[in-house]
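Comments concern the structure below.
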Amino acid sequence: MSGPFTIIGGGVCGLAMAAELSSRSAQVTVIDPKGAPGDHACSWWAGGMLAPDCEGVTAEPEIVRQGRKAARWWESHGAAVHHAGTIVVALNRDQSDLATFARRAPTATSLSKTQIADHEPHLAERYSKALFLADEGHLDPRTTLIALHARLHQRGVRFGGDIKGQVIDCRGLAARDTLTDLRGVKGEMLVVRCPDVTLSRPVRLLHPRFPLYIVPRGDGVFMLGATQIETGERGRATLRSVMELMNAAYALHPAFGEAELLEIGVDARPAFRDNQPRIRRIGDVIYANGLFRHGFLLAPALAQMTADLLLKGKIPEVWYEDHRER
(Lines give C-alpha, C1' and ligand atoms only; values in the text may rest on other atoms or scores of the structure.)
Protein backbone atom coordinates (compact mmCIF):
# COMPACT_ATOMS: atom_id res chain seq x y z
CA MET A 1 0.00 0.00 0.00
CA SER A 2 1.59 3.29 -1.12
CA GLY A 3 -1.21 5.63 -0.22
CA PRO A 4 -2.84 7.93 -0.21
CA PHE A 5 -2.54 8.44 3.54
CA THR A 6 -4.25 11.06 5.64
CA ILE A 7 -2.68 11.89 8.98
CA ILE A 8 -4.91 13.61 11.51
CA GLY A 9 -2.85 15.75 13.88
CA GLY A 10 0.22 17.87 13.18
CA GLY A 11 2.25 17.56 16.38
CA VAL A 12 5.48 15.64 16.73
CA CYS A 13 3.78 12.28 16.14
CA GLY A 14 1.86 13.41 13.06
CA LEU A 15 4.79 15.23 11.45
CA ALA A 16 7.17 12.33 12.12
CA MET A 17 4.62 9.99 10.55
CA ALA A 18 4.35 12.25 7.50
CA ALA A 19 8.12 12.47 7.22
CA GLU A 20 8.61 8.70 7.35
CA LEU A 21 5.84 7.88 4.87
CA SER A 22 6.74 10.62 2.40
CA SER A 23 10.42 9.61 2.53
CA ARG A 24 9.24 6.26 1.17
CA SER A 25 7.46 7.99 -1.74
CA ALA A 26 3.97 7.69 -0.26
CA GLN A 27 1.29 10.31 -0.96
CA VAL A 28 0.53 12.05 2.33
CA THR A 29 -1.93 14.65 3.58
CA VAL A 30 -1.75 16.11 7.09
CA ILE A 31 -4.89 17.62 8.58
CA ASP A 32 -4.74 19.66 11.77
CA PRO A 33 -7.56 22.13 12.43
CA LYS A 34 -5.15 24.44 14.26
CA GLY A 35 -2.71 24.60 11.39
CA ALA A 36 1.07 24.83 11.54
CA PRO A 37 3.10 23.93 14.65
CA GLY A 38 2.47 26.23 17.59
CA ASP A 39 1.56 26.41 21.24
CA HIS A 40 -1.62 24.38 20.69
CA ALA A 41 0.53 21.24 20.40
CA CYS A 42 1.81 19.33 23.42
CA SER A 43 5.15 18.86 21.65
CA TRP A 44 5.63 22.65 21.49
CA TRP A 45 6.33 22.57 25.25
CA ALA A 46 8.72 19.60 25.20
CA GLY A 47 12.27 19.57 26.48
CA GLY A 48 13.57 17.93 23.30
CA MET A 49 15.96 15.63 25.15
CA LEU A 50 17.02 12.52 23.26
CA ALA A 51 18.04 10.78 26.45
CA PRO A 52 17.05 7.10 26.35
CA ASP A 53 19.42 6.01 29.11
CA CYS A 54 18.25 8.69 31.52
CA GLU A 55 14.65 7.78 30.77
CA GLY A 56 15.50 4.11 31.22
CA VAL A 57 16.05 4.68 34.94
CA THR A 58 12.25 4.67 35.31
CA ALA A 59 10.98 3.51 31.89
CA GLU A 60 10.71 0.08 30.30
CA PRO A 61 13.73 -1.36 28.42
CA GLU A 62 11.91 -1.17 25.08
CA ILE A 63 11.74 2.61 25.40
CA VAL A 64 15.51 2.70 25.77
CA ARG A 65 16.05 0.37 22.81
CA GLN A 66 13.75 2.24 20.47
CA GLY A 67 14.82 5.65 21.76
CA ARG A 68 18.43 5.05 20.81
CA LYS A 69 17.42 5.35 17.15
CA ALA A 70 15.92 8.82 17.57
CA ALA A 71 18.92 11.13 17.15
CA ARG A 72 19.99 9.62 13.83
CA TRP A 73 16.40 9.70 12.54
CA TRP A 74 15.95 13.38 13.40
CA GLU A 75 19.24 14.28 11.77
CA SER A 76 18.26 12.38 8.62
CA HIS A 77 15.18 14.62 8.45
CA GLY A 78 17.08 17.87 8.81
CA ALA A 79 17.00 18.50 12.57
CA ALA A 80 19.97 20.01 14.39
CA VAL A 81 20.79 17.52 17.13
CA HIS A 82 23.34 18.55 19.75
CA HIS A 83 25.44 15.54 20.80
CA ALA A 84 26.71 16.91 24.09
CA GLY A 85 25.42 14.24 26.47
CA THR A 86 23.57 14.72 29.75
CA ILE A 87 24.89 15.60 33.21
CA VAL A 88 23.07 14.40 36.35
CA VAL A 89 23.68 15.96 39.76
CA ALA A 90 22.17 15.84 43.23
CA LEU A 91 22.37 18.03 46.32
CA ASN A 92 24.53 16.76 49.19
CA ARG A 93 21.52 15.41 51.06
CA ASP A 94 20.39 13.43 47.99
CA GLN A 95 23.66 11.68 47.10
CA SER A 96 22.03 8.29 47.65
CA ASP A 97 19.67 9.13 44.77
CA LEU A 98 22.68 9.77 42.55
CA ALA A 99 24.09 6.35 43.45
CA THR A 100 20.75 4.71 42.69
CA PHE A 101 20.58 6.50 39.33
CA ALA A 102 24.08 5.26 38.49
CA ARG A 103 23.09 1.64 39.16
CA ARG A 104 20.04 1.95 36.90
CA ALA A 105 21.86 3.75 34.09
CA PRO A 106 24.80 1.47 33.21
CA THR A 107 26.14 3.82 30.52
CA ALA A 108 26.64 6.64 33.04
CA THR A 109 30.18 7.50 34.05
CA SER A 110 31.15 9.28 37.26
CA LEU A 111 32.68 12.75 37.15
CA SER A 112 34.96 14.24 39.78
CA LYS A 113 34.92 17.95 40.57
CA THR A 114 37.77 18.52 38.13
CA GLN A 115 35.97 16.59 35.41
CA ILE A 116 32.75 18.50 36.07
CA ALA A 117 34.72 21.72 35.56
CA ASP A 118 35.93 20.41 32.20
CA HIS A 119 32.33 19.84 31.08
CA GLU A 120 30.36 22.56 32.87
CA PRO A 121 32.48 25.06 34.83
CA HIS A 122 29.48 26.70 36.49
CA LEU A 123 28.39 23.40 38.01
CA ALA A 124 31.85 22.72 39.45
CA GLU A 125 31.31 25.69 41.76
CA ARG A 126 28.67 23.69 43.62
CA TYR A 127 29.09 19.96 42.93
CA SER A 128 31.96 17.58 43.61
CA LYS A 129 30.22 14.55 42.05
CA ALA A 130 28.11 14.06 38.95
CA LEU A 131 27.15 11.50 36.34
CA PHE A 132 27.73 11.92 32.62
CA LEU A 133 25.84 10.11 29.86
CA ALA A 134 27.93 10.84 26.82
CA ASP A 135 25.77 9.26 24.11
CA GLU A 136 22.68 11.39 24.69
CA GLY A 137 21.64 14.52 22.83
CA HIS A 138 18.99 17.20 22.56
CA LEU A 139 17.24 19.38 20.03
CA ASP A 140 15.09 22.50 20.07
CA PRO A 141 11.50 21.25 19.69
CA ARG A 142 10.03 24.44 18.25
CA THR A 143 12.75 24.99 15.67
CA THR A 144 12.58 21.30 14.76
CA LEU A 145 8.80 21.22 14.30
CA ILE A 146 8.73 24.41 12.22
CA ALA A 147 11.62 23.25 10.02
CA LEU A 148 10.11 19.78 9.54
CA HIS A 149 6.75 21.31 8.59
CA ALA A 150 8.48 23.44 5.93
CA ARG A 151 10.54 20.48 4.71
CA LEU A 152 7.41 18.37 4.28
CA HIS A 153 5.76 21.17 2.28
CA GLN A 154 8.74 21.19 -0.06
CA ARG A 155 8.57 17.42 -0.37
CA GLY A 156 4.96 17.60 -1.58
CA VAL A 157 3.07 16.69 1.58
CA ARG A 158 -0.29 18.42 1.56
CA PHE A 159 -1.54 20.27 4.63
CA GLY A 160 -5.30 20.52 4.81
CA GLY A 161 -7.93 19.33 2.39
CA ASP A 162 -10.06 16.23 2.15
CA ILE A 163 -9.49 12.91 3.88
CA LYS A 164 -8.25 10.34 1.38
CA GLY A 165 -7.15 6.75 1.70
CA GLN A 166 -5.81 5.22 4.90
CA VAL A 167 -6.38 7.40 7.97
CA ILE A 168 -3.69 7.56 10.68
CA ASP A 169 -4.92 9.29 13.81
CA CYS A 170 -2.14 11.14 15.67
CA ARG A 171 -4.30 13.58 17.65
CA GLY A 172 -2.73 12.95 21.04
CA LEU A 173 -5.05 13.53 23.96
CA ALA A 174 -7.91 14.58 21.66
CA ALA A 175 -8.19 10.93 20.58
CA ARG A 176 -9.76 10.02 23.92
CA ASP A 177 -13.10 10.16 22.08
CA THR A 178 -12.10 6.72 20.73
CA LEU A 179 -9.14 5.59 22.84
CA THR A 180 -10.97 5.43 26.13
CA ASP A 181 -7.94 4.11 28.04
CA LEU A 182 -5.84 7.13 27.09
CA ARG A 183 -5.13 9.51 29.98
CA GLY A 184 -3.55 12.92 30.37
CA VAL A 185 -0.39 13.63 32.38
CA LYS A 186 -0.01 17.35 32.90
CA GLY A 187 3.37 18.99 32.51
CA GLU A 188 4.35 22.55 33.32
CA MET A 189 7.57 24.23 32.20
CA LEU A 190 9.33 27.59 32.34
CA VAL A 191 11.55 29.46 29.91
CA VAL A 192 14.01 31.82 31.56
CA ARG A 193 16.93 34.02 30.58
CA CYS A 194 19.94 33.81 32.87
CA PRO A 195 23.12 35.21 31.28
CA ASP A 196 25.07 34.53 34.48
CA VAL A 197 24.91 30.76 33.90
CA THR A 198 26.40 28.92 30.96
CA LEU A 199 25.49 25.31 30.25
CA SER A 200 26.38 23.32 27.14
CA ARG A 201 24.05 20.37 27.62
CA PRO A 202 20.91 19.29 29.54
CA VAL A 203 21.41 18.97 33.27
CA ARG A 204 19.18 16.89 35.53
CA LEU A 205 18.90 17.64 39.23
CA LEU A 206 17.70 14.66 41.25
CA HIS A 207 15.30 15.65 44.01
CA PRO A 208 12.84 13.56 46.03
CA ARG A 209 9.94 16.00 45.55
CA PHE A 210 10.57 17.99 42.38
CA PRO A 211 13.26 16.60 40.08
CA LEU A 212 14.32 19.14 37.49
CA TYR A 213 15.88 19.19 34.06
CA ILE A 214 17.34 22.31 32.50
CA VAL A 215 17.93 22.46 28.76
CA PRO A 216 20.02 25.26 27.21
CA ARG A 217 18.44 27.02 24.25
CA GLY A 218 21.31 29.41 23.54
CA ASP A 219 21.97 33.09 24.31
CA GLY A 220 21.42 32.60 28.02
CA VAL A 221 17.94 31.10 27.57
CA PHE A 222 16.97 27.87 29.35
CA MET A 223 13.94 25.61 29.42
CA LEU A 224 13.09 24.35 32.93
CA GLY A 225 10.88 21.31 33.23
CA ALA A 226 8.77 19.66 34.07
CA THR A 227 6.03 18.64 36.43
CA GLN A 228 4.21 15.33 36.07
CA ILE A 229 0.65 15.49 37.39
CA GLU A 230 -2.09 12.94 36.78
CA THR A 231 -4.69 15.11 35.07
CA GLY A 232 -5.77 15.92 31.54
CA GLU A 233 -6.04 19.62 32.34
CA ARG A 234 -4.20 21.51 29.62
CA GLY A 235 -4.46 25.22 30.24
CA ARG A 236 -3.55 26.15 33.81
CA ALA A 237 -0.17 26.23 35.50
CA THR A 238 -0.37 26.27 39.29
CA LEU A 239 1.54 28.57 41.60
CA ARG A 240 2.88 25.56 43.49
CA SER A 241 4.34 23.98 40.38
CA VAL A 242 5.92 27.19 39.15
CA MET A 243 7.43 27.82 42.59
CA GLU A 244 8.82 24.27 42.73
CA LEU A 245 10.47 24.63 39.33
CA MET A 246 11.95 27.96 40.36
CA ASN A 247 13.15 26.59 43.69
CA ALA A 248 14.76 23.60 42.01
CA ALA A 249 16.56 25.85 39.52
CA TYR A 250 17.78 28.04 42.38
CA ALA A 251 18.99 24.93 44.20
CA LEU A 252 20.90 23.85 41.09
CA HIS A 253 22.63 27.24 40.92
CA PRO A 254 21.77 30.41 42.90
CA ALA A 255 22.29 32.60 39.82
CA PHE A 256 18.92 31.36 38.57
CA GLY A 257 17.40 33.44 41.36
CA GLU A 258 18.07 36.49 39.20
CA ALA A 259 16.77 34.92 35.98
CA GLU A 260 14.22 36.72 33.82
CA LEU A 261 11.02 34.71 33.49
CA LEU A 262 10.12 34.66 29.79
CA GLU A 263 7.38 32.08 29.54
CA ILE A 264 5.21 29.66 31.50
CA GLY A 265 3.91 26.71 29.53
CA VAL A 266 1.50 23.91 30.31
CA ASP A 267 -0.10 21.01 28.47
CA ALA A 268 -1.09 17.39 29.05
CA ARG A 269 0.85 14.48 27.60
CA PRO A 270 -1.15 11.53 26.20
CA ALA A 271 -0.35 8.28 27.96
CA PHE A 272 -1.62 4.75 28.36
CA ARG A 273 -1.56 2.90 31.66
CA ASP A 274 1.97 1.54 31.26
CA ASN A 275 3.34 4.83 29.79
CA GLN A 276 4.30 3.08 26.57
CA PRO A 277 2.93 4.09 23.15
CA ARG A 278 0.58 2.10 20.95
CA ILE A 279 -0.12 1.56 17.28
CA ARG A 280 -3.73 0.46 17.43
CA ARG A 281 -5.91 -0.58 14.50
CA ILE A 282 -9.61 0.06 15.16
CA GLY A 283 -11.86 -0.54 12.18
CA ASP A 284 -10.24 1.11 9.18
CA VAL A 285 -8.23 3.62 11.20
CA ILE A 286 -4.70 3.35 12.58
CA TYR A 287 -4.17 5.19 15.89
CA ALA A 288 -0.60 6.14 16.88
CA ASN A 289 -0.61 7.59 20.35
CA GLY A 290 0.55 7.46 23.97
CA LEU A 291 4.00 8.99 23.64
CA PHE A 292 3.79 10.28 27.24
CA ARG A 293 6.97 12.27 28.02
CA HIS A 294 8.88 10.61 25.18
CA GLY A 295 7.52 12.52 22.19
CA PHE A 296 10.72 13.37 20.33
CA LEU A 297 12.42 10.24 21.65
CA LEU A 298 9.84 7.71 20.41
CA ALA A 299 7.95 9.42 17.56
CA PRO A 300 10.57 8.22 15.02
CA ALA A 301 10.23 4.57 16.09
CA LEU A 302 6.44 4.80 16.07
CA ALA A 303 6.51 6.32 12.59
CA GLN A 304 8.88 3.67 11.25
CA MET A 305 6.79 0.83 12.68
CA THR A 306 3.61 2.28 11.23
CA ALA A 307 5.19 2.79 7.81
CA ASP A 308 6.47 -0.79 7.81
CA LEU A 309 3.00 -2.01 8.74
CA LEU A 310 1.22 -0.06 6.01
CA LEU A 311 3.78 -0.26 3.22
CA LYS A 312 5.28 -3.71 3.81
CA GLY A 313 2.61 -5.50 5.84
CA LYS A 314 5.18 -6.00 8.61
CA ILE A 315 3.51 -6.39 12.00
CA PRO A 316 5.41 -4.41 14.68
CA GLU A 317 7.07 -6.60 17.32
CA VAL A 318 6.01 -4.21 20.09
CA TRP A 319 3.26 -1.71 20.82
CA TYR A 320 0.86 -3.00 18.15
CA GLU A 321 -2.75 -3.96 18.80
CA ASP A 322 -5.38 -5.05 16.29
CA HIS A 323 -8.90 -4.38 17.57
CA ARG A 324 -10.82 -5.06 14.38
CA GLU A 325 -12.33 -8.32 15.63
CA ARG A 326 -13.15 -7.17 19.15
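The values are calculated or read from the model by the stated rules, or taken from the named source; none is laboratory data. Keep in mind it's a predicted model, so treat the numbers as computed, not measured. Here the Cβ is made from the backbone with ideal geometry for all residues, glycine too, and neighbour counts use every protein chain on show. The accessibility values were calculated without ligands, DNA or RNA, using every heavy atom of the protein model including side chains. Shrake-Rupley method; radii C 1.70, N 1.55, O 1.52, S 1.80 Å.
If you roll a 1.4 Å probe over the heavy atoms of the protein chains, what accessible area per residue do you get for the stretch 197-274, in Å²? List each step's numbers first, then the result.
Numbers: 3740 Å² over 78 residues.
Ligands and nucleic acids excluded, the figure is 48 Å² per residue.
If you take the charge dipole of the chain about its Cα centre, with +1 on Lys and Arg Cβ and -1 on Asp and Glu Cβ, which of Trp44, Leu261, Val64 is farthest toward its positive end?
Val64
Give, rounded to the nearest 20 debye, the magnitude of the charge dipole that the stretch 177-250 has about its Cα centre when Lys and Arg contribute +1 at Cβ and Asp and Glu contribute -1 at Cβ. Mind showing how you got there, number by number?
Working: 10 positive and 8 negative charges, 31 e Å.
The dipole of the stretch 177-250 has a size of about 140 debye.
With a cut-off of 8 Å between alpha carbons and a minimum separation of six or more residues, what is the relative contact order of the chain in percent? It would help to have the intermediate numbers written out before the result.
Working: 702 pairs, mean separation 78.3, N = 326.
The normalised contact order for the chain reaches 24 percent.
Roughly how many whole Å is it from the C-alpha centroid of the stretch 247-326 to that of the stretch 1-79?
Using only Cα atoms, the two centres lie 8 Å from each other.
Find the accessible area per residue for the stretch 1-142; the probe is 1.4 Å, ligands and nucleic acids are left out, and the unit is Å². Display every interim value, and only then the final one.
Details: 6040 Å² over 142 residues.
Accessible area per residue, the stretch 1-142: 43 Å².
Would you check the accessible area of Glu55, probe 1.4 Å, heavy atoms only, in square angstrom rounded to 10?
10
Taking a 1.4 Å probe, which of Asp97, Asp39, Asp135 shows the most accessible area, and what order do the others take after it?
On the way: Asp97 60, Asp39 100, Asp135 135 Å².
Greatest to least solvent exposure: Asp135, Asp39, Asp97.
So what is the calculated 222 nm ellipticity per residue for the chain, using -39500 (n - 2.57) for each DSSP H run with n of 4 or more, over all residues, to the nearest 500 deg cm²/dmol?
Details: 10 runs with 98 residues, N = 326.
Calculated at 222 nm, the ellipticity per residue is -9000 deg cm²/dmol.
What three numbers, in Å, describe the spread of the alpha carbons of the chain along their principal axes, ordered from the longest?
On the principal axes, the chain reaches 59, 36, 35 Å in Cα extent.
Using only the Cα atoms of the stretch 209-326, what do you get for the radius of gyration and for Dmax, in Å?
Taking only Cα atoms of the stretch 209-326, I get Rg and Dmax of 19.0, 59 Å.
Rounded to the nearest 20 debye, what is the charge dipole size of the chain about its Cα centre when +1 sits on each Lys and Arg Cβ and -1 on each Asp and Glu Cβ? List each step's numbers first, then the result.
On the way: 39 positive and 37 negative charges, 103 e Å.
For the chain, the charge dipole is close to 500 debye.
If the rule is a partner Cβ under 4.7 Å, which cysteines in the chain fail it?
Cysteines lacking a close Cβ partner in the chain: Cys42, Cys54, Cys194.
For the Cα atoms of the chain, what angle does the longest principal axis make with the long axis of helix 141-155, in degrees from 0 to 90, nearest 10?
30
Can you tell me the length gained on complete extension of the stretch Glu230 to Thr198, counting 0.36 nm per residue apart and subtracting the Cα distance?
Details: separation 32, 0.36 × 32 = 11.52 nm, distance 3.32 nm.
The span from Glu230 to Thr198 would gain 8.2 nm if fully extended.
Suppose the chain between Thr238 and Ala80 were pulled fully straight at 0.36 nm per residue; how much longer would it get relative to their current alpha carbon spacing? Write out the running numbers ahead of the final one.
Numbers: separation 158, 0.36 × 158 = 56.88 nm, distance 3.28 nm.
The span from Thr238 to Ala80 would gain 53.6 nm if fully extended.
What does a probe at Thr100 reach in the stretch 205-232, counting residues whose amide N is under 16 Å from the point 7 Å along Cα→Cβ?
Flagged as within label range: 205-212.
Compare Asp32, Asp53 by solvent-accessible area with a 1.4 Å probe and give them largest first, with all protein chains kept in place.
Details: Asp32 45, Asp53 20 Å².
Final ranking, largest accessible area leading: Asp32, Asp53.
On a straight-distance basis, which aspartates and glutamates could pair with Lys69 in a cross-link, Cα separation under 17 angstrom, same-chain partners fewer than 8 positions away excluded?
Cα-Cα hits under 17 Å: Glu20, Asp53, Glu55, Glu60, Asp135, Glu136, Asp308, Glu317.
Give me Rg/Rg_expected for the stretch 28-103, where Rg uses Cα atoms only and Rg_expected = 2.2 N^0.38 Å with N residues.
1.46
Along the charge dipole of the chain, which of Gly283, His138, Phe272 sits closest to the positive end, that is, farthest toward it, with unit charges on the beta carbon of Lys, Arg, Asp and Glu (+1, +1, -1, -1)?
Value: Gly283.
For the chain, which whole-number percentage of the solvent-accessible area (1.4 Å probe, protein heavy atoms only) is attributable to carbon and sulfur atoms? Each step should come with its number before you reach the end.
Details: 6940 of 14490 Å².
The nonpolar share, carbon plus sulfur, comes to 48 percent.
Compute the helix-to-body angle for 95-104: its Cα long axis versus the longest principal axis of the chain, expressed 0 to 90° and rounded to tens.
Relative to the chain, helix 95-104 is tipped by roughly 40 degrees.
Please work out the ratio of the alpha-carbon Rg of the stretch 178-244 to 2.2 N^0.38 Å and round it to two decimals. Numbers along the way, then the final one.
Working: Rg = 14.3 Å, N = 67, 2.2 N^0.38 = 10.9 Å.
This ratio for the stretch 178-244 stands at 1.32.
What is the helix-to-structure angle for 12-23, meaning the angle in degrees between its Cα long axis and the longest Cα principal axis of the chain, kept from 0 to 90 and rounded to the nearest 10?
The answer is roughly 60 degrees.
At 0.36 nm per residue, minus the direct Cα-Cα distance, what do Thr58 and Lys314 gain on full extension? Give it in nm, one decimal, please. Intermediate results must be reported in sequence, preceding the final value.
Numbers: separation 256, 0.36 × 256 = 92.16 nm, distance 2.96 nm.
That works out to 89.2 nm of additional length.
Considering only Phe101, Trp74, Gln27, whose Cα is most displaced toward the positive end of the charge dipole of the stretch 11-118, charges sitting on Cβ of Lys, Arg (+1) and Asp, Glu (-1)?
Going by the Cα projections, it comes out as Phe101.
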